[in-house]
Structure formats: structure tokens, C-alpha cells
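Heads up, the thing below is written out as C-alpha cells.
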Amino acid sequence: MIIGIDIGGTHTDGVLIKNQQIHQTSKVITDQNNLTTSILKVLDNLLLNQDKDQVTRIVFSTTLTTNLIAQKNYPPTGLIMIPGPGLNPDWLKIAAHNWVISGSIDHRGRQVTAFNQEELNQLQAEIQCAGITDLAIVGKFSTRNPVQEKQLTAFLQSSLPDRLRNIQLGHQIAPVLNFPRRVQTTWLNTAVYQEYSKFAASVQRSVLERGITAELFLLKADGGTMPLENGLSAGVETIKSGPAASIMGFLALTGTDNRTSLLLDIGGTTTDIALLIGGIPLFEPEGVQIGNYNTSVRGLLNRSISFGGDSYVYKDQTGNIRLQSKRIGPAAAFGGNTPTLTDALVITKLMSKGDREHAFSAFEQLTENNDPNQIITTARAIIQQFYQIIASEVEKLLNELKQRPVYTIHELLTDSELKPEVVMMIGGPANALLPGIAEFLDLEPVLPRYHHVANALGAALARPTLRETLYADTEQRFYILSGKDEASGKQSINHTQKNNFTLDKAKKILLDYTTSLAVQKQNPVCSDDFVEITFEESFNIVRDYQTRGQIFRLEAQIKPGIISDFTDTFITKTNSTSPLSPERRVKP
Amino acid sequence: MKNTLPQIKNRLGLVFFPAYDWAITPDHPEREERLLYTHDQILEEGLLDLPGIQEFKPELATEKDVARVHICVPNVTNLATTSHLISAGGAITAAKKYLDGLVDKAFALVRPPGHHAFRVVHGNRGFCNINNEAIMVEWLRTTYNPNLKIAFIDTDAHHADGTQDIYYHDPHVLHISIHQDGRTLYPGTGFSWELGGPGAMGMTLNIPLPPYTTDEGYLYVIDQLILPIVQEFKPDIIINSAGQDNHYSDPLTNMSITAQGYARLNQKLDPQLAVLQGGYSIEDALPYVNVGIILAMAGLDYSHLREPDYTPSRSLQTVKVLDRIKKVTEQVRYYWENRQRLVSNEFQHLEDDYYYREKQIFYDTDYISEDQKEIVKLCSTDNCQGHLFIESVGHHLGRTGHQVPIAAVILPRLSCKECQKTAREKYAKYCASKQFHHVYLQDQVADEYIHWSQN
Ligand SMILES: [Zn+2]
Ligand SMILES: [Zn+2]
């Protein structure tokens, strides 16, 4: 048995999968002050009359990190930057205690300026005085050479023994180029560490107390899972895991549909827009944004707009009836007082549930008109407005993707435009809105089964993901693997290896390394078949008309996907050879 | 705790196209990784995340965009490969984003460069095939406004002989090239007495600087000479042809400018558009110089920017070199102030207000020597820019040793009915004469580019 639990802002959803089928679902109100309680409530509901020993895996998608950051619920945390020359780093002083120290590494990983010992002594005294225990250390180009981040850590740990319980280093937390994002990501990860540890410990304890021995996982922003204990050192990776869960839910529910799909997840106050290309979700180009922070956390591409079923309808100064991007309360048809998008759906009979009379009277009050035909016309216009809002946001997103830069002639010439073929929708009013929006966008509609628990299902069935990089410089005879493992970091290429260190050799090192990490994640679904090289570049280093060496830049990944054993059950077939049951597909 | 992003004064568009899959030859300075380290530095600085700095993908320039500027022998397709069309297209994209009001300034960080490409192109010279910035300007004038007044300030260490050639007779384009003295560096031209054709005297200005000019000397020229001249000219658009081979670490030149110097000179020039030119110290200079230019264009603080081996003394100038710089400055100022009274001694006066000169152009990369006759008409009709006849022979010095004689008729976009008629007649005469392998008509008025071939 597998359990997926999606801890959302308002609800916590759970789904229990048994014999490759959805066996049980549960939904409770989220207690933001005590997420563990909400989790346990859902667990208890799901496991009523079940054999707990059979649960092998539980995956959580949680808003904890997002909340901690939004509420600034973290201890005073220090930040030491080693920015070297470049943009003035003052704007990056985001921590409670910030230090900028001298020292620098250049773009090829060469140490240009060493530390100044007096400065370090001063720094150590100030850290002691500040009384902090949590500290982020981030250097510019530390991904090319982490020596200074490591050296500083060693110095502080020996001069302030037992004080700094939580030191996190930029090259480990954010191993891609982009110093400001590395600073923000590393600092956020450091800041949420303590609270995250508490959460993880409490979840682990409570699950154990109920006699469940399943492996526990967290869903990351990239739609992959990581073991709960890894979350301790990588809490920041779980930001935006809600939208990721929803996208993975789509993937689970529509399995083998490889067409370019537009995904709409409509909630009460927001609608999330995402894309699947050939059954693979897209990534945010640089990293996920959270609040005012730009991070380098790899996350699934998602655009959120503040319109949903509870968006209310109002009359503007010129007397036009419009949809407003705010929620005042529930729909009139469901006990509220203000007319909403949902009421428009009830009035036009697109939605069969709800009190239609209440919806009518809310619209009557607003329009000062009690002609039912007139009100139906107004309701239709409101629904059209919503379609238009979605359509322009989709166009904006596609345009953005079209503008994504490329850096080789080959890519520029082969770059093809993205054109969605189908639109898939989940969320409360999905049933009511999908036919219309599909017609408006001129796309084929696909309504997945179980769309009401898609997020929890996405979490339950997500498999682990990885992204690792290798950067090699054969002139300077070193290569660097991303990550926190012992195998990662800077490795030297010895003199005899230098000429044999080819692109193929670099590829093999990266593939072996990534595979070993995949195996370490102790997940049976993670075989090396999933590891793929996604990016490779090689350049000659030429000086005075002589080739002195090569630079190789590679990236490997395990892309987000669904545990293969389970996909079949949930496929919504949409190809023409197998006719669709009406339950699965709504015709416009 | 703060999280206030650096304040950008100007919204800046970047067209970054390093062409990682293109080189002239594998060990040529103009090769794949020329912008690799610059790219790393831009990414690591996180410049593209700053609100107000936006990256755009280059478009491909069309054959017509190229024909508007160049007479390509035998044709555009043979000389402008995809990489050249992307580079020129990148410059067009930068200009487009600026004129559409999406950005306040734009920088085309593209390669290969273009400023050594003349109007007539028999092959590659000085790493350039087609002139990106001229193609951009002609696209601008065709699309937006034929009357645009343009000021080019070319800060590459080499004389911008190609751009100078293209605009030599255009009184609406002020072309200023500051470079290392032609007696000490390729292409060996760019002397202060090269001042423009008889109809545009003083609209071409050359400021040859002695080797080892530093920030101090360079900024002296900008402050004392260039800024007052540009102010007087009142251009609609200032374009910086931003070469980076003046840097003290450049392997091909002997100048001594620092990244700080580059940022400051760009801030002073305040161009709306910048187009990358040369610069071959790809590890030690380009990453810092390009970041400096980007910060300066966006109006961001660049005071923390410096090369690993920078010391403030690098910016200072010796008295002796500064004296020579001051002398050149005086000379050029004299030409500018007296431009109405100057008489061209480069051109011979023929009858009917036609002027004539001969010149030789050498294509170092493709090993071609060109003999060119230029016959320019000075038209008395108001606001008419006359017309131009070119007869040119390309001597291919390589194994084949063949010669390609061509003729071309150039009709600037601002030319009168009479000039248009004369030019078309001349084109027909050239074709009929059978003396040329190829005859070209570049009619900017009709935006029509015709090519006649012997076979
Ligand atoms: Zn140059
Ligand atoms: Zn005329």
C-alpha cells in the first residue's frame, strides 16, 4: 500500500493506493499551527480497517517551508558572503547578521584573492558576539572551486567549537551558476533548518507511534521525492511542492498521453497553469521564486493566477459586470452572499450542484434586473471573461517560452514553437468549466478521473528525481561533481589521465555518480535506466594558437515521473483507437 | 533584513548570442568559446534576474537586410552564412526592442563582429563578413524613419574602416572611430585626415591614439572631444560599437584600458544601442568588460567591478602619452570646427559635380586584394544625397588566382527623382557594357536590390 498526503493551505488531502487502485481518500481542514495533527487525521481516516504493516511508502507534499518563509518563522540566521569583484553585494544582505569578507575565486575556479587572517579573527569574534547557531556561507564561483567556503567552515568550526550547529555551504545547496540565487537559496535553507527538523522528527515519531514502519518521503518542487531525513538538509527544495503535486497528479492520471498538454488546476481563489510536453513537465528556467526570494531550486514550471471558483462578480464604475480577482466568501449557491464565478456556473446549469435560486438572487441584486434570461446572459458573459483571462495568461506563458534564449546556431534553427493539443483540468469546477475553456482555446478537452484528489495522488506516485552536474577543466586538471556526497566536490585529474579525459569519459563519470546517488536513495523504482545526460558542451582552451586543454560542462538527471507499476490503473486514454467513456472525457 | 533589488535606471535589453557552435577555424581568435567566460560571469552575477534587464533571442537577418547595406560578391547567400545572419539579426532585435519601447537601451552581445566589413564585400576581412551595425541602422531607417540622425562611436581598438566606408558620404551619420594608431595596428588606416566624402566632410572623424593609452587618456578624449561634438550634432540615436580589445590584457593590441574604464566610457557616451565588436582576451578581459558595460548601460553601481590583477595605477596615464593624446584631440577638434570650409583632397573633382577616388582593400582572412573606383555625385537638389557608382575588381590571390570585376550603383534613401533616373540608366549601361561579371543596383529609395550576372 502506498499513501500520498498533500498538505495544502486550506485542506489536507490523502489517498491510499492498494492493489494498484485508489482504495480510500480523505480530506480534512489543515491546522496551520500543527501540521502533524492534520497529517495524522488523514492517516487515521485512510487506514481505518487496514493492515498498517502493508504500507510501504508515504509521500508528503507540504507547505511547511513556504509558510516558514512567509511568516519569517526562523531563528536569527547568519550569512557570510565572499562575493569577490562584480555587482555591489549590499542588496544581498538578507539575513539577520550579514558579513561580506574578502577572498575571491574567478570564473575558471582559480583562487584570485586569499582570505585575510585579521578579517577572519574579527569575523569570528562578531559571530560569537551575535550568538547565532545557524550560518550560511556563500562564495561567488564556489561551484567552480569550493575551497574558500570549506576553508572558512573549518576555521569557524575550530575557533568556535560547539557553537555553530548548522553551517550550510553555497556550493552544496545551490550548485549552479548564479551567485545571488545561491545566496538566497542557501540562506533560506539554513533559516528553515531548525523548524524543519522539528517537523520531520514529529512526523516520524507520530507515524511510528501508530505502528507504521513505511518509508517516508517528501515531494520536492521538481515533482520528485526525497527521503524525509534528507529534508533536514534540503528543506528549501520542498517550496512550491503543491503545484508540483498537482502536475504529478496530472501525469499519474493521464499516463501515456504524450501530446503537448495544457494543465489547468482550478481552486477557490487561484488557477494554476502548467504544461506537459511528451508526457514530461517543464522546469522553471532558473529556479523557483518564493515570496521576494529568487532561488535556484529546480521546480516545475507553473503560473498561478488569482482567479478561481470563488472569485466574485462586481459592477465597475462604468456599470459593467466583471469578475474580480478576490474572494469575499463562498458562492451564493453554497451558502455565501456575493455572486461568484461558481454561481455563474450554477445559473447556466454547467454545474448541477448548488442552490440555483440563491445564485440567481445574488446576481439579481448586483444587476438590479430580475429577468432570468438577462441574468443567464450576464452569467455567460462572466464565464467568458474567465476563459479570456485564462487564454491571455496561457498566451503570455507560451510567448515567454518562445523567447527563451538559446546559444548555438543549431538550437536557434531547430527551435520549434510550442503548441498545446489538449487541455486537461482538475479542481472543484473542472467538470463545469472544461468543455467551454477547451472550445475557447480550440483544444481537445481531457478530464482525468479522480481529479478531486489529483495532488495527493501525484505525491503518492511520484518517483525520486535527481539533477547532477559535472564541470571539468583539463588544462587545470580538475573536475567538479555537484552534491554533498564525499564523491562530490573538486577532484583532480592526474597528469597521465589528462589527455584521456575526453567528453565520453566525463559522461561516464557523471552517469556512474548519478546512478550511485539514485541507488543510495534506496528506492526500488530508481534503476539506472532513468539516468540521462540532458546537457553536454565541450570547448577547447586555446592560448597563443595552441590547444591547452578542454572544458566540459555536463548535466544528468532523473526526470520527474510516475512509479511505473502504478500508471496503468489511472490512464485516461484519449487516442482515437480506444473510444472514451463519457466519464473520462467531456465533449464540448 | 532587507531584500531590495539593485535599482536599475535604464531598462536594458540584452541580445546574447555566443554561437557556441561556430568558429572561423579551430584555433582562430574568433572561435566557439570567445563569449563562454563572459556568459559564465553574467550568469554568476545573476544580471539576468534583475528586474529591468531582459534577455532576447536574436532573429535572423534576411537577405534583403544585408543587401540594403552591402554589395556581396557574388551574392548575399555565398558570403553571409547563418552565423552572420544571426549576428546581424541580433543587432536588429536589439534595435527593435529599443524602438518598440520595451527597453530604454539595448546591447547586442553577438559574434562574429562586423565593423571591418565594407560596402562592397568580396570576402572576409578582419574577422568580419557583414556589418552588423550598418545592417541594424539601415533596417531602422527603413522600418521607422528614413531621416534618423545616427552617431556611431566605435570604441574597438581597431579602426572601424568598414563602417566608415559605408557611411563616408552620408551627412546624417556621424561616425567617430577611436582606435590604436593605424601605424601600429591593423588595418593601418583611420588617420585624422580621413574626414568623409565631399558631401559629408567632418561627418567621419578618426581619433588615432598612441599605444599604451589608459583610462585617463581615453576618458580625456571622451570628455574633451567626443561629448561636445555629439552634443552639437544632436543625433536621434547613439550607437556604441563596443570593441573590447583596448583592454590591457588583449593579445592583439597594445592599449591599456581597464574594465572600470570601459564602464565609465560607456556611462559617459550614454548610448541607446551597443553592438559588440572585437576583444580577444576572452578569459581575463571580456567577462569583466562586458559586465562593466551591462552595469553602466543599466545605470547600476559598477564600483565593485575589477579584473583579478587590477590596481588603480593601471588607470593613470604618463605625461608623454597624454601629451600625444592632447595633440590628436586638438587636431580633430580643428577639423570638426572647420568642417564647413574643408575641401576633400581624397577625391578628384570631375565634371557635373561628380567626384572620384581609387582605393585598395585587402581581405586578410580570404586573401583577396580589391581595386575599387568610387564615383560620387554631389547633387544640388535640396535634401538629396546624390548617388554613387562603384567599379571594383577582386583579385583572388590564392590558388585559383582568378579576378572578379563588378560594378554597382548605389542610390541612397534620400535622393531626388533626377538622381534616381540617372542611377537606373547607369545600371543599365553597366549591364550592357559586358565588362563586369556582376552588376548590382542598391536602390534604397524603392528598397529594391537588383543583381545582374554575366552567365
Ligand atoms: Zn578590434
Ligand atoms: Zn539628386
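The values are calculated or read from the model by the stated rules, or taken from the named source; none is laboratory data. Fair warning: this is a prediction, and the values are worked out from it, not measured in the lab. Ideal geometry is used to build each Cβ from the backbone, glycine not excepted, and the neighbour counts take in all protein chains shown. The area values use the complete protein model at the heavy-atom level, side chains included, leaving out ligands, DNA and RNA. Shrake-Rupley method; radii C 1.70, N 1.55, O 1.52, S 1.80 Å.
Structural remarks
- Probe 1.4 Å, accessible area per residue of the range B:12-340, Å²: 27 Å²
- Shape call, the range A:72-192: gyration tensor on alpha carbons, a/c limit 1.5: oblate
- Long hydrophobic helices in chain A, taken as whole DSSP H segments with a C-alpha length of 30 Å or more on their own axis and mean Kyte-Doolittle hydropathy at least 0.5, are absent.
- 16 Å Cα-Cα reach of B:K9 towards lysines, excluding residues that sit fewer than 8 places from it in its own chain: B:K105, B:K268
- Beta bridges per DSSP, both residues in the range A:258-448: antiparallel share near 70 percent.
- Net charge of Cβ neighbours under 15 Å - reference B:P210; Lys, Arg +1; Asp, Glu -1: 0
- Peptide ranges B:393-403, B:157-167, B:133-143 listed from the most packed, as the mean C-beta count within 10 angstrom indicates: B:157-167, B:133-143, B:393-403
- J(HN,Hα) series, the range A:546-563, from Karplus relation 6.51 cos²θ - 1.76 cosθ + 1.60, nearest Hz, glycine and proline x: 10, 7, 9, x, 10, 10, 10, 10, 10, 9, 10, 8, 10, 6, x, x, 9, 3
- Here each label is just a point 7 Å from Cα along the line to Cβ, and for B:N383 and A:A201 those points are 8.2 nm apart.
- Each Lys and Arg Cβ is given +1 and each Asp and Glu Cβ -1; about its Cα centre, the range A:72-192 then shows a dipole of about 420 debye.
- Calculated SAXS-style log₁₀ I(q)/I(0) at q = 0.21 Å⁻¹ - the range B:348-453, Debye, Cα scatterers: -1.11
- Under the span-like rule (Cα at least 20 Å along the axis, Kyte-Doolittle mean at least -0.5), DSSP H helices of chain B: B:82-99
- Computed from backbone phi, the HN-Hα couplings of the range A:221-234 come to 4, 8, x, x, 9, 9, x, 3, 5, 5, x, 4, 9, 9 Hz, rounded to whole numbers (Karplus: 6.51 cos²θ - 1.76 cosθ + 1.60, θ = phi - 60°; Gly and Pro given as x).
- Separation of the alpha carbons by more than 26 angstrom is noted, of A:K240/A:K559; A:K27/A:K559; A:K198/A:K490, for A:K27/A:K559; A:K198/A:K490.
- Note that the range A:62-73 has calculated 3J(HN,Hα) couplings of 10, 8, 3, 4, 4, 5, 4, 6, 4, 8, 6, 8 Hz, one per residue in order, obtained from phi through the Karplus relation 6.51 cos²θ - 1.76 cosθ + 1.60 (θ = phi - 60°); glycine and proline are x.
- The trypsin sites (Lys or Arg not before Pro) of the range B:1-82 meeting both criteria, a DSSP state outside H, G, I, E and B (loop) and at most 14 other C-beta atoms within 10 angstrom of the site's C-beta, are B:K2, B:K9.
- Loss of accessible area when B meets A, both sides summed, Å² nearest 100, probe 1.4 Å: 4600 Å²
- Between A:A381 and B:D270, the FRET efficiency from the beta-carbon distance, with R0 = 60 Å, is close to 0.75.
- Amide H contacts of B:S241 (H built 1.01 Å from N, under 5 Å, at least 5 apart or other chain): B:I153, B:D154, B:T155, B:V275
- Computed over protein heavy atoms with a 1.4 Å probe, the carbon and sulfur contribution to the accessible area of the range A:104-217 reaches 47%.
- Per DSSP, loop trypsin sites (Lys or Arg not before Pro) in the range A:57-115 with at most 16 further Cβ within 10 Å: A:K72, A:R110
- DSSP assigns beta bridges within the range B:123-224; of those with both partners inside it, close to 10 percent run antiparallel.
- Complex-versus-alone comparison for the range B:298-344, residues with a loss of 20 Å² or more in accessible area, probe 1.4 Å: B:D301, B:H304, B:R306, B:P308
- Shown for the range B:348-453: the carbon plus sulfur share of the solvent-accessible area, taken with all protein chains present and a 1.4 angstrom probe, equals 48%.
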